[in-house]
Each structure stands twice: as structure tokens, then as C-alpha cells.
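*Asks:* Below you will find the structure I want to go over with you.
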Amino acid sequence: MCLDCGMLLDETPLFEPSLLKELDWSSNSVSFSPPISPSSPGEGLVLRPLCVADFNRGFFKVLSQLTQTGDVTPEQFTKKFEHMKKTGDYYVVVVEDTNLRQIVATATLITEHKFIHSCAKRGRVEEVVVSDVCRGKQLGKLLVSTLTLLSKKLDCYKITLECAPKNVAFYQKFGYAASDETYMQCRFFD
Ligand code: 16G
């Protein structure tokens, strides 16, 4: 943040980066071989909060491997980023290949505020994507472990996600289980 003008600088993180470093990694329910962690995600890789400059580091190229992204302009991206930052409830993390200066993976935790459960928060995991050029480096596992631990640290009473049937076994490793409730949607456009 520019202290003089209050404007976001390109490298301003979406949320406090120390939150990722302070996670209790030893309480993780999955194991990594070779061992990696949020502070050591692998050779030439960095795991950190999203920043505006990631627009030019292929952030959308990665997202487009999950679903349609639309043609987002830098202005639209910055406006959405600012909104997310202001609410304080969006934790978009990215893995950057520091040699290529490209984003190779991303995932998002959103905290939703409730009146129920003593005014609790619910966590939602969204947009978990690892670029096809970076598969086999345990990055999906790293991202989901990181956000699941982060939701606990942020005092969420539960954390949920929607996924394709073929990914159910992957998410079960982290303690996610199919619920009795059915996911429903009303789609207005794609
Ligand atoms: C998957 C994603 C969800 C994303 C959706 C996009 C995870 C765990 N789930 O369900 O976050 O919003 O795909 O699909 O990454 P859509 O474009 O059909 O809404």
C-alpha cells in the first residue's frame, strides 16, 4: 500500500502474508514426499497471497484451465481485487514459478459470516487449479492443506467445497466428506 496516497501498488498482497507462514503445518492430515510446506513449496516456487501484478503473470491462464474466465481487463481485475481486499474475507493464494515469473497454481478460501453458531464463520474453498505444466509437484495438495489449516486458524466452524466426482477421493485425504445435503444451483449464464 502506498502510505501517501492509499493506492494499491502492484505487489500489495490481497491479505497479510504472515498468515501463511504462521500455520501449524505439523497438524496437517496429509503427508508430503518430498516434504514441502507453504514457506518451502519446492525449487524455484513461492506460495503467497495474490497481488495485482499477477494479472501479467498468467493468473488467468491458470484459471482458464478450470472454467471459462471471460475477457477480463486490467481495470476490471484491479477493481475486483480492491473489493476483495476491502472485505477482508478473500484469501486467494498463488504459487509463482520465480524463474519464469509465471503463476502455476492458485486456490481461494472465502470466509462467510453467519448469525448461526454464535455468529460463526464458514469457510469455502474455491478455484483450486494447478497448471498442466506443473502437475506432479504436490501443489494441489499443498494449496488445499494450506487453505484448510488457514480456515481453522481463522476460526471457521466448517469448511466446504464443490468438486467433480472424479476429485472426491482427492479431497477426502484432507478430511472432507460428502454431506447429506445436495448441492443445487440455478444458473443464469455461463
Ligand atoms: C469447481 C471449483 C469451484 C469453481 C467451479 C467453476 C474447486 C474446489 N471447485 O467446482 O470453485 O467455482 O468449479 O465451475 O475448485 P463453473 O464455471 O461451472 O461455475
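*Asks:* Given the residues 125, 144, 133, 129, which is the only one that is modelled with pLDDT of 95 or more and farther than 23 Å from residue 27 by Cβ?
*Replies:* 129
*Asks:* Counting only residues that are touching a residue at least 12 places away in the same chain (Cβ under 8 Å) and either closer than 17 Å to residue 12 by Cβ or among the hydrophobic types (A, V, I, L, M, F, W, C) (or both), how many does segment 90-105 have?
*Replies:* So the count comes out to 10.
*Asks:* Only residues that are more than 16 Å from the ligand (Cβ to nearest atom) and small (Gly, Ala, Ser): list them for segment 40-81, please.
*Replies:* Listed by number, the residues that qualify are 40, 42, 44, 53, 58.
*Asks:* Looking at segment 128-158, which of the residues that are surrounded by 15 or more Cβ atoms within 10 Å (Cβ to Cβ) and in a strand (DSSP E or B) is farthest from the ligand (Cβ to nearest atom)?
*Replies:* This residue is 156.
*Asks:* Among the charged types (D, E, K, R) and away from the ligand (no atom under 15 Å from the Cβ), is that true of residue 187? Explain how you work it out, then say what you get.
*Replies:* Details: among the charged types (D, E, K, R): yes; away from the ligand (no atom under 15 Å from the Cβ): no.
Spelling it out, it is not the case that residue 187 is among the charged types (D, E, K, R) and away from the ligand (no atom under 15 Å from the Cβ).
*Asks:* For segment 104-114, check the following and say yes or no: at least one residue is small (Gly, Ala, Ser) and touching a Lys or Arg at 6+ places or on another chain (Cβ under 7 Å).
*Replies:* Scanning segment 104-114 turns up no residue that is small (Gly, Ala, Ser) and touching a Lys or Arg at 6+ places or on another chain (Cβ under 7 Å).
*Asks:* Among the residues of segment 162-180 satisfying the criterion of being within 12 Å of the ligand (Cβ to nearest atom) and assigned to a helix (DSSP H, G or I), which is farthest from residue 139 (Cα to Cα)?
*Replies:* Here is the first cut: in segment 162-180, the residues within 12 Å of the ligand (Cβ to nearest atom) are 162-168, 170-171, 174, 176.
Those left that are additionally assigned to a helix (DSSP H, G or I): 165-168, 170-171.
Working: 165: 20, 166: 18, 167: 15, 168: 17, 170: 12, 171: 13 Å.
Among residues in segment 162-180 that are within 12 Å of the ligand (Cβ to nearest atom) and assigned to a helix (DSSP H, G or I), the one farthest from residue 139 (Cα to Cα) is 165.
*Asks:* Go through segment 26-121 and tell me which helices (runs of 4 or more DSSP H), entirely inside it, have 1 or more residues that are open to solvent by less than 20 Å² (accessible area, probe 1.4 Å) and more than 26 Å from residue 173 (Cα to Cα).
*Replies:* Ranges flagged: 59-63, 74-87.
*Asks:* Could you say whether any residue in segment 14-21 is out of contact with any helix residue (DSSP H, G or I) (no Cβ under 6 Å at 6 or more places or on another chain), surrounded by 13 or more Cβ atoms within 10 Å (Cβ to Cβ) and modelled with pLDDT under 95?
*Replies:* Yes, segment 14-21 contains a residue that is out of contact with any helix residue (DSSP H, G or I) (no Cβ under 6 Å at 6 or more places or on another chain), surrounded by 13 or more Cβ atoms within 10 Å (Cβ to Cβ) and modelled with pLDDT under 95.
*Asks:* Looking at segment 11-52, which of its residues are over 15 Å from residue 105 (Cα atoms) and in contact with a Ser or Thr (Cβ under 9 Å, 6 or more places away or on another chain)?
*Replies:* 20, 21, 23, 25, 28, 29, 30, 32, 52
*Asks:* If I ask for residues that are within 24 Å of residue 25 (Cα to Cα) and open to solvent by 80 Å² or more (accessible area, probe 1.4 Å), which ones from segment 159-190 would you list?
*Replies:* Within segment 159-190, 172, 173, 177 meet the criteria.
The values are calculated or read from the model by the stated rules, or taken from the named source; none is laboratory data. Please read these numbers as outputs of a predicted model, since none were measured by experiment. Please note: Cβ atoms are built from the backbone with ideal geometry, for glycine as well, and neighbour counts cover all protein chains shown. Accessible surface areas use protein heavy atoms only, side chains included; no ligands, DNA or RNA. Shrake-Rupley method; radii C 1.70, N 1.55, O 1.52, S 1.80 Å.
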